[in-house]
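Colleague: Let me begin by handing over the structure; questions about it come next.
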Amino acid sequence: MKKRILLVVSTLLLLLVVLGFNGNRAKAASRGAKAVYTTPVATRGTWYYEKKEKVNTVKITAHTLNGLKLYKALEGKAEKAWFKKLMKADKKFHYKLANKVSLSKYEAYTFTYRGKKGFNACGWLSGGGDGVYYAPVKKTIHGQKAKALRIGDGDHNYLKAFAYKNKNLLK
């Protein structure tokens, strides 16, 4: 009797483990997203910036931006093929799917700003190509140099704000 219960419990555990691993793998690679993007170390952390007299927060980890997973941007034929598939499916869902997909994960790539590595992130397969730029810089505040994060946007990386790891530097 004990052997039978042990066999049933073991089989159930094995089944849960197998199903759990397969589900995670399929979810991570949806809509062509396969390679996780790693942010430059100097951009990581919780950053604060002011916009319209309100303090906003940007949280960057090794693989996420504000809690959303970052994936390496698709290029060339792969990007075109997945973009076409998304647009075709989006038409069926009355143009609500593309926005949902682009807000569920970000595509990212590395760029250099004044000799420092930063990254650009935009909605997955959003098609705009500009997104938001994050680059580490040094700023002089109250006569002292401080680490800052330059936030830019648009197709030419227009300055949007400077963010700091300490809220007191905003004043």
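The values are calculated or read from the model by the stated rules, or taken from the named source; none is laboratory data. Just so it is clear, the model here is predicted, and its values are computed rather than measured. Quick reminder, even Gly has a Cβ in these numbers, built from the backbone with ideal geometry, and neighbours come from all protein chains shown. Surface areas here come from the heavy atoms of the whole protein model, side chains and all, with no ligands, DNA or RNA. Shrake-Rupley method; radii C 1.70, N 1.55, O 1.52, S 1.80 Å.
Colleague: Tell me which lysines have Cα within less than 16 Å of Lys116's Cα, excluding those fewer than 8 residues away on the same chain?
Modeller: Leaving aside lysines fewer than 8 places away in the same chain, those within reach of Lys116 are Lys138, Lys139, Lys147.
Colleague: Right, next: Once amide H atoms are placed 1.01 Å from N in the peptide plane, what residues at a sequence separation of 5 or more from Ile141, or on another chain, have their amide H within under 5 Å of its amide H?
Modeller: Close amide H contacts, sequence-distant or interchain: Ala146.
Colleague: A further question follows. In nm, give the distance between the simple-model label positions of Lys139 and Lys88, each being 7 Å from the Cα along the Cα-to-Cβ direction.
Modeller: Going by the 7 Å Cα→Cβ label model, 4.7 nm.
Colleague: Then there's this: Probe radius 1.4 Å, ligands and nucleic acids left out: which of Tyr113, Tyr37 has the largest accessible area, and how do the rest follow? Mind dumping the intermediate values first?
Modeller: Values: Tyr113 45, Tyr37 10 Å².
Listed by decreasing accessible area, they come as Tyr113, Tyr37.
Colleague: May I pose another question? Is there a pair in Lys88/Lys160; Lys105/Lys165; Lys52/Lys91; Lys51/Lys117; Lys88/Lys117 whose C-alpha atoms are over 29 Å apart, and which pairs would that be?
Modeller: Exceeds cut-off: Lys88/Lys160; Lys52/Lys91; Lys88/Lys117.
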